[in-house]
(Lines give C-alpha, C1' and ligand atoms only; values in the text may rest on other atoms or scores of the structure.)
Protein backbone atom coordinates (compact mmCIF):
# COMPACT_ATOMS: atom_id res chain seq x y z
CA UNK A 1 0.00 0.00 0.00
CA UNK A 2 1.31 3.44 -0.95
CA UNK A 3 0.38 6.55 1.01
CA UNK A 4 0.81 10.14 -0.19
CA UNK A 5 0.00 13.27 1.80
CA UNK A 6 -0.96 16.70 0.55
CA UNK A 7 -3.94 18.60 -0.77
CA UNK A 8 -6.01 16.13 -2.76
CA UNK A 9 -8.25 17.22 -5.65
CA UNK A 10 -11.46 15.19 -5.19
CA UNK A 11 -14.92 15.46 -6.83
CA UNK A 12 -16.08 17.12 -3.59
CA UNK A 13 -13.28 19.69 -3.51
CA UNK A 14 -9.81 19.92 -2.02
CA UNK A 15 -9.01 17.73 0.99
CA UNK A 16 -5.87 18.21 3.07
CA UNK A 17 -4.90 14.74 4.16
CA UNK A 18 -3.72 11.47 2.71
CA UNK A 19 -4.55 9.06 -0.08
CA UNK A 20 -3.85 5.32 0.12
CA UNK A 21 -3.64 3.21 -2.99
CA UNK A 22 -2.36 0.12 -4.71
CA UNK A 23 -3.56 -0.42 -8.28
CA UNK A 24 -6.76 1.36 -7.29
CA UNK A 25 -7.45 4.02 -4.70
CA UNK A 26 -8.41 2.52 -1.32
CA UNK A 27 -8.92 5.51 0.93
CA UNK A 28 -8.87 9.31 1.03
CA UNK A 29 -8.86 10.90 4.47
CA UNK A 30 -8.54 14.49 5.64
CA UNK A 31 -10.29 17.81 6.05
CA UNK A 32 -11.82 20.05 3.38
CA UNK A 33 -9.86 23.21 2.58
CA UNK A 34 -10.75 26.26 0.50
CA UNK A 35 -7.16 27.36 -0.14
CA UNK A 36 -5.06 24.30 -1.04
CA UNK A 37 -1.33 24.27 -0.44
CA UNK A 38 1.36 22.22 -2.16
CA UNK A 39 1.99 19.41 -2.62
CA UNK A 40 -1.11 19.07 -4.81
CA UNK A 41 -2.37 15.54 -5.59
CA UNK A 42 -4.41 15.54 -8.80
CA UNK A 43 -5.69 12.93 -11.25
CA UNK A 44 -3.33 11.84 -14.00
CA UNK A 45 -3.74 13.80 -17.22
CA UNK A 46 -5.79 12.24 -20.03
CA UNK A 47 -4.62 13.40 -23.47
CA UNK A 48 -6.88 12.47 -26.39
CA UNK A 49 -4.60 13.78 -29.15
CA UNK A 50 -0.91 12.77 -29.21
CA UNK A 51 1.21 12.16 -32.32
CA UNK A 52 4.53 11.58 -30.59
CA UNK A 53 7.12 12.76 -28.13
CA UNK A 54 10.68 12.20 -26.99
CA UNK A 55 11.82 12.09 -30.62
CA UNK A 56 9.33 9.35 -31.54
CA UNK A 57 6.66 9.75 -34.22
CA UNK A 58 3.81 7.35 -33.51
CA UNK A 59 3.41 6.69 -37.23
CA UNK A 60 6.65 4.69 -36.92
CA UNK A 61 4.92 1.84 -35.08
CA UNK A 62 4.45 0.13 -31.74
CA UNK A 63 7.81 0.88 -30.15
CA UNK A 64 7.55 4.56 -31.11
CA UNK A 65 4.13 4.68 -29.42
CA UNK A 66 5.58 3.12 -26.26
CA UNK A 67 8.54 5.52 -26.33
CA UNK A 68 6.32 8.59 -26.68
CA UNK A 69 4.01 7.28 -23.95
CA UNK A 70 7.03 7.06 -21.62
CA UNK A 71 7.95 10.67 -22.35
CA UNK A 72 4.44 11.94 -21.70
CA UNK A 73 4.10 9.93 -18.49
CA UNK A 74 7.10 11.80 -17.11
CA UNK A 75 5.07 14.97 -17.66
CA UNK A 76 1.99 13.68 -15.85
CA UNK A 77 -0.01 12.05 -18.64
CA UNK A 78 -1.32 8.70 -17.44
CA UNK A 79 -3.61 7.93 -20.41
CA UNK A 80 -3.34 9.01 -24.04
CA UNK A 81 -4.74 8.21 -27.46
CA UNK A 82 -2.11 7.38 -30.08
CA UNK A 83 -2.99 9.70 -32.95
CA UNK A 84 -2.40 9.17 -36.66
CA UNK A 85 -1.83 11.55 -39.54
CA UNK A 86 -2.96 11.04 -43.11
CA UNK A 87 -0.99 8.39 -44.97
CA UNK A 88 -1.53 5.84 -47.75
CA UNK A 89 -4.25 3.40 -46.72
CA UNK A 90 -2.02 0.35 -46.58
CA UNK A 91 0.42 2.20 -44.33
CA UNK A 92 -2.37 3.36 -42.02
CA UNK A 93 -3.80 -0.13 -41.77
CA UNK A 94 -0.36 -1.56 -41.01
CA UNK A 95 0.23 1.11 -38.35
CA UNK A 96 -3.13 0.36 -36.71
CA UNK A 97 -2.28 -3.35 -36.51
CA UNK A 98 1.07 -2.52 -34.92
CA UNK A 99 -0.58 -0.08 -32.50
CA UNK A 100 -3.10 -2.70 -31.40
CA UNK A 101 -0.21 -4.55 -29.72
CA UNK A 102 0.29 -1.57 -27.40
CA UNK A 103 -3.38 -1.03 -26.60
CA UNK A 104 -4.30 -3.09 -23.59
CA UNK A 105 -0.70 -3.76 -22.57
CA UNK A 106 0.01 -3.26 -18.90
CA UNK A 107 1.61 0.23 -18.76
CA UNK A 108 4.51 -0.62 -16.47
CA UNK A 109 6.67 2.42 -17.23
CA UNK A 110 4.50 4.66 -19.38
CA UNK A 111 1.10 6.17 -19.97
CA UNK A 112 -1.73 3.79 -20.73
CA UNK A 113 -2.93 3.76 -24.37
CA UNK A 114 -6.65 2.90 -24.42
CA UNK A 115 -7.06 3.40 -28.17
CA UNK A 116 -6.48 5.39 -31.34
CA UNK A 117 -7.45 8.86 -32.47
CA UNK A 118 -7.67 8.59 -36.27
CA UNK A 119 -6.90 12.09 -37.56
CA UNK A 120 -7.35 11.60 -41.26
CA UNK A 121 -7.47 10.35 -43.94
CA UNK A 122 -11.12 11.47 -44.15
CA UNK A 123 -10.34 15.18 -44.26
CA UNK A 124 -10.51 17.97 -46.82
CA UNK A 125 -7.39 18.13 -49.02
CA UNK A 126 -7.94 21.89 -49.15
CA UNK A 127 -7.53 22.23 -45.37
CA UNK A 128 -4.71 19.85 -44.52
CA UNK A 129 -2.75 22.15 -42.26
CA UNK A 130 0.31 20.01 -41.47
CA UNK A 131 -1.35 16.75 -42.52
CA UNK A 132 0.52 14.90 -45.29
CA UNK A 133 -1.28 14.94 -48.68
CA UNK A 134 -3.09 11.60 -48.54
CA UNK A 135 -6.67 12.71 -47.79
CA UNK A 136 -9.57 10.72 -49.23
CA UNK A 137 -13.36 11.09 -49.07
CA UNK A 138 -15.09 9.32 -46.20
CA UNK A 139 -15.39 5.61 -46.98
CA UNK A 140 -17.25 3.34 -44.58
CA UNK A 141 -15.67 0.20 -46.02
CA UNK A 142 -12.18 1.58 -45.37
CA UNK A 143 -13.31 2.60 -41.90
CA UNK A 144 -14.48 -0.94 -41.19
CA UNK A 145 -11.02 -2.22 -42.12
CA UNK A 146 -9.46 0.28 -39.76
CA UNK A 147 -11.83 -0.69 -36.94
CA UNK A 148 -10.93 -4.35 -37.43
CA UNK A 149 -7.23 -3.50 -37.13
CA UNK A 150 -7.26 -1.61 -33.80
CA UNK A 151 -9.58 -0.11 -31.18
CA UNK A 152 -10.40 3.35 -32.54
CA UNK A 153 -11.91 5.78 -30.04
CA UNK A 154 -11.97 9.13 -31.90
CA UNK A 155 -12.07 9.98 -35.61
CA UNK A 156 -11.48 13.44 -37.07
CA UNK A 157 -13.54 13.91 -40.23
CA UNK A 158 -14.45 16.74 -42.60
CA UNK A 159 -18.27 16.60 -42.88
CA UNK A 160 -18.25 17.89 -46.47
CA UNK A 161 -16.17 14.84 -47.40
CA UNK A 162 -18.83 12.52 -45.93
CA UNK A 163 -21.77 12.69 -48.36
CA UNK A 164 -25.03 11.89 -46.62
CA UNK A 165 -23.28 11.65 -43.28
CA UNK A 166 -22.79 7.87 -43.59
CA UNK A 167 -19.40 7.91 -41.87
CA UNK A 168 -20.62 9.95 -38.93
CA UNK A 169 -23.68 7.68 -38.59
CA UNK A 170 -21.41 4.64 -38.56
CA UNK A 171 -19.09 6.12 -35.95
CA UNK A 172 -21.91 7.13 -33.65
CA UNK A 173 -23.44 3.67 -33.98
CA UNK A 174 -20.11 2.09 -33.03
CA UNK A 175 -19.70 4.45 -30.03
CA UNK A 176 -16.66 6.06 -31.62
CA UNK A 177 -16.41 9.83 -31.08
CA UNK A 178 -16.60 11.78 -34.37
CA UNK A 179 -14.93 15.18 -34.41
CA UNK A 180 -14.82 17.97 -37.00
CA UNK A 181 -11.58 19.56 -38.27
CA UNK A 182 -9.39 19.86 -41.35
CA UNK A 183 -12.64 21.00 -42.89
CA UNK A 184 -14.06 23.77 -45.04
CA UNK A 185 -17.70 23.04 -44.24
CA UNK A 186 -20.06 25.91 -43.58
CA UNK A 187 -21.82 26.88 -40.38
CA UNK A 188 -25.07 25.05 -41.17
CA UNK A 189 -23.35 21.75 -41.88
CA UNK A 190 -21.15 22.07 -38.78
CA UNK A 191 -24.17 22.87 -36.61
CA UNK A 192 -26.06 19.84 -37.93
CA UNK A 193 -23.10 17.56 -37.16
CA UNK A 194 -22.64 19.00 -33.68
CA UNK A 195 -26.32 18.52 -32.92
CA UNK A 196 -25.93 14.85 -33.92
CA UNK A 197 -23.11 14.37 -31.42
CA UNK A 198 -19.88 15.48 -33.12
CA UNK A 199 -17.14 17.18 -31.17
CA UNK A 200 -14.39 19.47 -32.42
CA UNK A 201 -10.72 18.63 -32.97
CA UNK A 202 -8.20 21.38 -32.00
CA UNK A 203 -10.77 24.20 -31.93
CA UNK A 204 -9.94 27.24 -34.12
CA UNK A 205 -7.23 25.37 -36.05
CA UNK A 206 -7.68 23.88 -39.56
CA UNK A 207 -11.33 24.88 -39.92
CA UNK A 208 -13.57 27.66 -41.20
CA UNK A 209 -13.23 30.56 -38.79
CA UNK A 210 -15.67 32.90 -37.10
CA UNK A 211 -16.95 35.92 -39.00
CA UNK A 212 -20.01 37.79 -37.77
CA UNK A 213 -21.82 37.15 -41.08
CA UNK A 214 -20.31 33.75 -41.82
CA UNK A 215 -19.81 31.99 -38.47
CA UNK A 216 -18.18 28.84 -39.88
CA UNK A 217 -17.23 25.81 -37.82
CA UNK A 218 -15.84 27.96 -35.02
CA UNK A 219 -19.12 29.86 -34.71
CA UNK A 220 -21.11 26.62 -34.67
CA UNK A 221 -18.84 25.22 -31.99
CA UNK A 222 -19.12 28.31 -29.79
CA UNK A 223 -22.90 28.38 -30.19
CA UNK A 224 -23.78 24.68 -29.96
CA UNK A 225 -20.94 22.36 -29.00
CA UNK A 226 -20.87 20.51 -25.70
CA UNK A 227 -17.35 19.14 -26.24
CA UNK A 228 -14.27 20.45 -28.00
CA UNK A 229 -10.51 19.95 -27.85
CA UNK A 230 -8.23 22.94 -27.58
CA UNK A 231 -4.42 23.17 -27.62
CA UNK A 232 -3.38 25.40 -24.68
CA UNK A 233 0.22 26.00 -25.73
CA UNK A 234 -0.57 29.72 -26.21
CA UNK A 235 0.79 29.37 -29.75
CA UNK A 236 -2.05 27.62 -31.55
CA UNK A 237 -4.67 29.71 -29.73
CA UNK A 238 -4.34 33.07 -27.99
CA UNK A 239 -5.21 33.24 -24.31
CA UNK A 240 -8.38 35.30 -24.79
CA UNK A 241 -9.62 32.91 -27.48
CA UNK A 242 -9.20 30.04 -25.00
CA UNK A 243 -11.15 32.03 -22.40
CA UNK A 244 -13.91 32.79 -24.92
CA UNK A 245 -14.22 29.09 -25.75
CA UNK A 246 -14.27 28.24 -22.04
CA UNK A 247 -17.28 30.53 -21.54
CA UNK A 248 -19.13 29.06 -24.52
CA UNK A 249 -18.36 25.31 -24.48
CA UNK A 250 -19.17 23.57 -21.19
CA UNK A 251 -16.88 20.57 -21.65
CA UNK A 252 -13.93 22.22 -23.36
CA UNK A 253 -10.83 20.14 -22.67
CA UNK A 254 -7.14 20.46 -23.38
CA UNK A 255 -4.99 18.25 -25.60
CA UNK A 256 -1.35 18.58 -26.52
CA UNK A 257 -1.43 17.59 -30.22
CA UNK A 258 2.18 16.77 -29.34
CA UNK A 259 4.56 15.57 -32.03
CA UNK A 260 7.98 13.95 -31.85
CA UNK A 261 9.64 17.21 -30.76
CA UNK A 262 7.86 17.26 -27.40
CA UNK A 263 10.45 16.92 -24.66
CA UNK A 264 13.32 17.34 -27.14
CA UNK A 265 15.84 20.08 -28.01
CA UNK A 266 15.35 22.28 -31.07
CA UNK A 267 15.79 20.43 -34.34
CA UNK A 268 13.98 18.52 -37.09
CA UNK A 269 11.58 15.67 -36.25
CA UNK A 270 9.27 13.42 -38.29
CA UNK A 271 5.51 13.83 -38.56
CA UNK A 272 4.30 11.04 -40.82
CA UNK A 273 5.62 11.82 -44.30
CA UNK A 274 6.66 15.34 -43.25
CA UNK A 275 9.55 16.77 -41.24
CA UNK A 276 8.80 19.49 -38.72
CA UNK A 277 11.28 21.80 -37.05
CA UNK A 278 11.13 22.69 -33.38
CA UNK A 279 12.07 26.28 -32.61
CA UNK A 280 10.88 28.79 -29.99
CA UNK A 281 8.60 26.16 -28.47
CA UNK A 282 6.68 25.52 -31.70
CA UNK A 283 6.72 22.79 -34.35
CA UNK A 284 6.53 24.06 -37.92
CA UNK A 285 6.83 22.81 -41.49
CA UNK A 286 9.35 24.48 -43.79
CA UNK A 287 6.67 26.93 -44.99
CA UNK A 288 5.90 28.04 -41.42
CA UNK A 289 2.71 26.01 -40.97
CA UNK A 290 2.21 24.86 -37.39
CA UNK A 291 2.77 21.09 -37.31
CA UNK A 292 1.29 19.83 -34.09
CA UNK A 293 2.99 21.04 -30.94
CA UNK A 294 5.84 20.49 -28.52
CA UNK A 295 3.43 20.75 -25.58
CA UNK A 296 3.26 18.44 -22.58
CA UNK A 297 0.28 18.29 -20.24
CA UNK A 298 2.09 19.67 -17.20
CA UNK A 299 2.90 22.79 -19.21
CA UNK A 300 -0.70 22.89 -20.46
CA UNK A 301 -1.82 22.98 -16.83
CA UNK A 302 0.56 25.80 -15.98
CA UNK A 303 -0.60 27.75 -19.04
CA UNK A 304 -4.28 27.42 -18.13
CA UNK A 305 -3.63 28.58 -14.59
CA UNK A 306 -1.48 31.46 -15.88
CA UNK A 307 -4.36 32.78 -18.02
CA UNK A 308 -6.76 32.76 -15.09
CA UNK A 309 -8.32 29.33 -14.57
CA UNK A 310 -8.52 28.11 -10.97
CA UNK A 311 -6.25 25.12 -10.43
CA UNK A 312 -9.10 22.67 -9.83
CA UNK A 313 -10.86 23.74 -13.04
CA UNK A 314 -7.67 23.56 -15.08
CA UNK A 315 -7.06 20.05 -13.76
CA UNK A 316 -10.63 19.00 -14.58
CA UNK A 317 -10.25 20.17 -18.18
CA UNK A 318 -7.16 17.97 -18.57
CA UNK A 319 -8.42 14.92 -16.66
CA UNK A 320 -12.07 14.42 -15.79
CA UNK A 321 -13.66 15.87 -18.91
CA UNK A 322 -11.55 13.96 -21.48
CA UNK A 323 -11.92 10.72 -19.46
CA UNK A 324 -15.69 11.14 -19.42
CA UNK A 325 -15.70 11.98 -23.13
CA UNK A 326 -14.25 8.53 -23.85
CA UNK A 327 -16.34 6.76 -21.23
CA UNK A 328 -13.24 5.88 -19.20
CA UNK A 329 -15.13 5.47 -15.94
CA UNK A 330 -12.16 4.06 -14.02
CA UNK A 331 -9.98 7.19 -14.23
CA UNK A 332 -10.00 10.97 -14.40
CA UNK A 333 -10.91 11.62 -10.76
CA UNK A 334 -9.43 10.75 -7.37
CA UNK A 335 -11.88 8.75 -5.28
CA UNK A 336 -11.93 5.26 -3.77
CA UNK A 337 -12.40 2.48 -6.30
CA UNK A 338 -10.92 4.41 -9.22
CA UNK A 339 -7.63 3.52 -10.85
CA UNK A 340 -4.69 5.02 -9.00
CA UNK A 341 -3.62 7.37 -11.80
CA UNK A 342 -2.32 10.43 -10.00
CA UNK A 343 0.19 13.23 -10.20
CA UNK A 344 1.90 15.07 -7.35
CA UNK A 345 2.71 18.72 -8.08
CA UNK A 346 4.85 21.18 -6.17
CA UNK A 347 4.01 24.83 -5.47
CA UNK A 348 5.16 25.79 -9.00
CA UNK A 349 2.94 23.09 -10.53
CA UNK A 350 6.01 21.12 -11.54
CA UNK A 351 5.96 17.33 -11.40
CA UNK A 352 7.09 15.68 -8.17
CA UNK A 353 5.85 12.18 -8.98
CA UNK A 354 3.52 10.29 -11.31
CA UNK A 355 1.66 7.04 -10.66
CA UNK A 356 -0.04 4.92 -13.36
CA UNK A 357 -2.36 2.28 -11.91
CA UNK A 358 -0.46 2.70 -8.65
CA UNK A 359 3.02 2.25 -10.14
CA UNK A 360 5.41 5.14 -9.76
CA UNK A 361 6.85 6.32 -13.07
CA UNK A 362 10.51 7.26 -13.32
CA UNK A 363 10.62 10.99 -13.99
CA UNK A 364 14.06 10.88 -15.59
CA UNK A 365 14.48 9.44 -19.10
CA UNK A 366 15.93 6.02 -19.69
CA UNK A 367 19.40 5.97 -21.24
CA UNK A 368 18.35 3.89 -24.23
CA UNK A 369 17.38 5.35 -27.59
CA UNK A 370 14.88 4.34 -30.24
CA UNK A 371 16.09 3.99 -33.83
CA UNK A 372 18.62 6.40 -35.27
CA UNK A 373 16.23 9.37 -35.10
CA UNK A 374 16.08 9.26 -31.29
CA UNK A 375 18.24 11.41 -29.06
CA UNK A 376 19.40 10.78 -25.52
CA UNK A 377 18.79 14.46 -24.78
CA UNK A 378 15.04 14.09 -24.24
CA UNK A 379 13.74 15.77 -21.11
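Things worth noting here:
- Within the option set 290, 318, 252, 271, being under 15 Å from residue 77 (Cβ atoms), crowded, with 20+ Cβ neighbours inside 10 Å, touching a residue at least 12 places away in the same chain (Cβ under 8 Å) and touching a strand residue (DSSP E or B) at 6+ places or on another chain (Cβ under 8 Å) holds for one residue only, 318.
- Search result, residues across region 255-268 that are farther than 23 Å from residue 200 by Cβ and touching a strand residue (DSSP E or B) at 6+ places or on another chain (Cβ under 7 Å): 260, 261, 263, 264, 266, 267, 268
- Residues within region 280-304 that are assigned to a strand (DSSP E or B), within 13 Å of the chain's Cα centre (by Cα) and more than 21 Å from residue 243 (Cβ to Cβ), tallied: 1
- Just one of the listed residues (178, 163, 159) is buried (at least 24 other Cβ atoms within 10 Å of the Cβ) and either more than 30 Å from residue 104 (Cβ to Cβ) or touching a residue at least 60 places away in the same chain (Cβ under 8 Å) (or both), and it is 159.
- Residues of region 196-218 that turn out to be assigned to a loop (DSSP other than H, G, I, E, B), closer than 19 Å to residue 155 by Cβ and touching a helix residue (DSSP H, G or I) at 6+ places or on another chain (Cβ under 8 Å), as a count: 5
- Helices (runs of 4 or more DSSP H) enclosed by region 54-167 - at least 3 residues per element that are at pLDDT 95 or above and outside the structural domain of residue 289 (by TED's automatic domain parsing): none
- When residues of region 24-40 are limited to those that are free of Cβ contacts under 8 Å to residues at least 24 places away in the same chain and in a loop (DSSP other than H, G, I, E, B), the one nearest to residue 345 (Cα to Cα): 35
- Evaluating residue 35 against the criteria (1) crowded, with 16+ Cβ neighbours inside 10 Å; (2) within 16 Å of residue 305 (Cβ to Cβ) leaves one unmet condition, (1).
The values are calculated or read from the model by the stated rules, or taken from the named source; none is laboratory data. Model, not experiment: these values are computed from the prediction. Positions of Cβ are generated from backbone atoms using ideal geometry, with glycine treated the same way; all protein chains shown enter the neighbour counts.
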